[in-house]
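One structure is given here, and the rest of the page talks about it.
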Amino acid sequence: MTDKPLKLLGLMRRAGAVEIGADRSTEAARAGKARVLLLASDAGDNAAKKAEYALAGKSALKLELPFSREELSEALGVGDCTMAAVTEIGFAEALVKQLADEDAERYAAAAGELKRKHEKMQRRKSEKGSKGQAKKNGMRRTNI
């Protein structure tokens, strides 16, 4: 496994698109801000249960990374990190796509799901923008 996903995690941290640590990650998941909840490969059972509880009824995905907590901590620039939450859909999609490129059997379904969600979000955003533009220009929208 290459370190491309780890480098992307470091970039996400600098961009402010990731919540680091179990408490902040589960808080982001409960608030509906998390798109993907990431667990280190050697995270304990309590961390996995905490992640499941935080994601109950939410649309975010939970993924176990192929990296240990030491590798994850080093990539994010913190000490002893077992869990992180990606809050930006574009970054989440890119990360899972890189993971799927390296281990398609394990991450392909998650990559497809995130791609679908991202496209849906972009479509809604463009529809919302076009409706606002019509209002701004004084045009009436007709339903045909």
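The values are calculated or read from the model by the stated rules, or taken from the named source; none is laboratory data. All figures in this text were calculated on a predicted structure; none of them were measured in a lab. When we count neighbours, we look across all protein chains shown, and the Cβ atoms used for this are built from the backbone with ideal geometry, even at glycine. Areas reflect the complete protein model, heavy atoms only, side chains present, ligands, DNA and RNA absent. Shrake-Rupley method; radii C 1.70, N 1.55, O 1.52, S 1.80 Å.
Scanning the stretch 16-53 for residues that are closer than 12 Å to Leu76 by Cβ and not basic (Lys, Arg) returns Ala17, Val18, Glu19, Ile20, Gly21, Ser25, Leu38, Ala40.
Could you count how many residues in the stretch 76-94 are assigned to a helix (DSSP H, G or I), open to solvent by 10 Å² or more (accessible area, probe 1.4 Å) and more than 19 Å from Lys117 (Cβ to Cβ)? Residues that pass the stated criteria total 0.
With respect to Glu19, is the statement that it is part of a strand (DSSP E or B), charged (D, E, K, R) and touching a strand residue (DSSP E or B) at 6+ places or on another chain (Cβ under 9 Å) true?
Numbers: part of a strand (DSSP E or B): yes; charged (D, E, K, R): yes; touching a strand residue (DSSP E or B) at 6+ places or on another chain (Cβ under 9 Å): yes.
Yes, satisfied.
Counting only residues that are open to solvent by less than 60 Å² (accessible area, probe 1.4 Å), more than 13 Å from the chain's Cα centre (by Cα) and free of Cβ contacts under 8 Å to residues at least 40 places away in the same chain, the stretch 13-59 holds 6 of them.
A single entry from Lys62, Lys97 fulfils the requirement of being of a type outside the set (A, V, I, L, M, F, W, C) and either in contact with a His (Cβ under 7 Å, 6 or more places away or on another chain) or not in a strand (DSSP E or B) (or both): Lys97. From the set of residues in the stretch 101-128 that are in contact with a Lys or Arg (Cβ under 8 Å, 6 or more places away or on another chain) and of a type in the set (A, V, I, L, M), which is surrounded by the most Cβ atoms within 10 Å (Cβ to Cβ)? So the residue we want is Leu114.
For residues in the stretch 60-75 being in contact with a helix residue (DSSP H, G or I) (Cβ under 7 Å, 6 or more places away or on another chain) and not aliphatic (A, V, I, L, M), which is least open to solvent (accessible area, probe 1.4 Å)? Explain how you work it out, then say what you get.
Going through the stretch 60-75, the residues in contact with a helix residue (DSSP H, G or I) (Cβ under 7 Å, 6 or more places away or on another chain) turn out to be 60-63, 65, 67, 71, 75.
Now drop any that are not not aliphatic (A, V, I, L, M), which leaves 62, 67, 71.
Details: Lys62: 74, Phe67: 10, Glu71: 79 Å².
Within the stretch 60-75, the match that is least open to solvent (accessible area, probe 1.4 Å) is Phe67.
Of everything in the stretch 62-88, what is touching a Leu at 6+ places or on another chain (Cβ under 7 Å) and closer than 17 Å to Ala34 by Cβ? Give them in sequence order. Matches in the stretch 62-88: Lys62, Leu63, Glu64, Leu65, Leu72, Leu76, Cys81, Thr82, Met83, Ala84, Ala85, Val86.
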